[in-house]
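The values are calculated or read from the model by the stated rules, or taken from the named source; none is laboratory data. Quick caveat, the model's predicted, so the values are computed rather than measured. Here the Cβ positions follow ideal geometry from the backbone for every residue, glycine too, while neighbour counts run over all protein chains shown. The accessibility values were calculated without ligands, DNA or RNA, using every heavy atom of the protein model including side chains. Shrake-Rupley method; radii C 1.70, N 1.55, O 1.52, S 1.80 Å.
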Amino acid sequence: MNMIRVAINGFGTIGKRVADAISLQNDMAVSGVVKTRPTFEARLARERGYRLYANTKENVAAFETAGIPVTGTLEDLISESDIVVDCTPGKTGAVNKEQIYVPKNIKAIFQGGEKPNVAEVSFNAMSNYDASIGKSYVRVVSCNTTGLCRTLGAVKKEIGITQVRATMIRRGADSGDSKRGPINAIAPNPPTVPSHHGIDVNTIFPKMNILTSAFIVPTTLMHMHAINVMLEKQATKDEVIALLEKTPRVLLVSAKEGIVSTAQVMEYARELGRSRSDMFEIAVWKESINVVNGNELFYVQAIHQESDVVPENIDAIRAMTGIEKDAKESMRKTDESMRLKIWW
Ligand code: NAD
């Protein structure tokens, strides 16, 4: 089989993880990665064997001067690729689409920092893989939306949902970021209620009655969600536990076993020995799952914002290029190669 050639535009938190995940697949390969400046990440990209490209002709000289030569520019890379995964900072993808991807007629995947209308469809592998088959522009929803869609999607499919109310407690910055905060405050963010997170879930489940609010807190490790769901059918707590136990890309964790906060979730991820200690699964606290009055479900989940969207990008590549038309089979290939929880 011909390998799908994937360009990575933007080699930061998400881009470097997507590149490494692609390298683990046997039906796609990284054709090159794009940086704007000759940073340590650009040097590492070359050391890891990725072909490095500058985003513009004007920026090539800076790489040469820094002793980190590039193979060419983004335009060159696109001519040697079948699809591009845009992992540039939020809103840059939309500019890239108009200025580069549309004129060069290349398929592109965007990330959650872009507005939904950047793409023909928003993507979550478990929920709407088929809608992206053969599409040219697809947006993988944000880390928070991915987490909500995985667990709510499972509950919706098996039990049914009439209403969701959820509070997002968001990390202030990623671990490698020293510019953001807050460092000593809790900020309603956005200050308006509802927040955009529920609205984003509606790009995957258009009819879901969901409202969210969000806060930012001084931590870098993970986001946390407190979720309340009104169920369509009566269910027991044990039925919900059994359902989430078998749900792909969702991992039940337990306070009884000492996982009492995001600190231990990330310690657990470190022990799993994956690259960068990533936790691709959504961690749901077993003890938090409760059903009151037969139809009101509560649970708490943690999201490793730097990595949960990475397997979704791999599946989006398969759907858009049509190399795998079966969602479950794509997810199995992705999860087996990346050593996620076994559910197949
Ligand atoms: P990042 O800042 O870590 O990485 C972005 C990279 O793109 C950097 O290396 C930057 O130098 C580079 N870049 C900037 N302008 C560029 C340009 N014009 N051309 C090429 N490269 C350029 O950002 P990130 O956290 O990886 O976020 C990327 C996207 O993923 C955003 O849409 C974001 O909202 C989304 N996302 C981020 C997270 C997260 O928590 N970090 C989670 C899910 C989705």
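For the reader, a short list of remarks on this structure follows.
- For beta carbons closer than 6 Å, sequence separation of 6+ or different chains, a first residue in the stretch 141-162 that is without any contact (Cβ under 8 Å) to a residue 60 or more places away in the chain and a second that is among the aliphatic types (A, V, I, L, M) and assigned to a loop (DSSP other than H, G, I, E, B), the qualifying pairs are C149/I204.
- The helices (runs of 4 or more DSSP H) found wholly in the stretch 15-102 and carrying at least 3 residues that are over 23 Å from V141 (Cβ atoms) occupy 40-47, 60-65, 74-79.
- Contacts under 9 angstrom Cβ, first residue in the stretch 74-89 being under 18 Å from N59 (Cβ atoms), partner within 14 Å of the ligand (Cβ to nearest atom) and open to solvent by 60 Å² or more (accessible area, probe 1.4 Å), 6 or more apart: E75/K57; T88/T36; T88/V95
- K57 vs. criteria free of Cβ contacts under 8 Å to residues at least 40 places away in the same chain and either open to solvent by 20 Å² or more (accessible area, probe 1.4 Å) or assigned by TED's automatic domain parsing to the domain that holds P248 (or both): yes
- Contacts under 6 angstrom Cβ, first residue in the stretch 273-294 being closer than 21 Å to E245 by Cβ, partner in a helix (DSSP H, G or I) and among the small types (G, A, S), 6 or more apart: M279/A269; I282/G147; E287/A255
- Matching residues, the stretch 103-144, being out of contact with any Gly (no Cβ under 7 Å at 6 or more places or on another chain), part of a helix (DSSP H, G or I) and of a type outside the set (D, E): P103, K104, P116, N117, A125, N128, Y129, A131, S132, N144
- Neighbours by Cβ (under 6 Å, 6+ apart or cross-chain): first from the stretch 163-177, assigned by TED's automatic domain parsing to the domain that holds P190 and basic (K, R); second open to solvent by 30 Å² or more (accessible area, probe 1.4 Å) and not in a strand (DSSP E or B): R171/T219; R171/T220
- Which listed residue is more than 13 Å from the ligand (Cβ to nearest atom) and open to solvent by less than 50 Å² (accessible area, probe 1.4 Å), from I106, I14: I106
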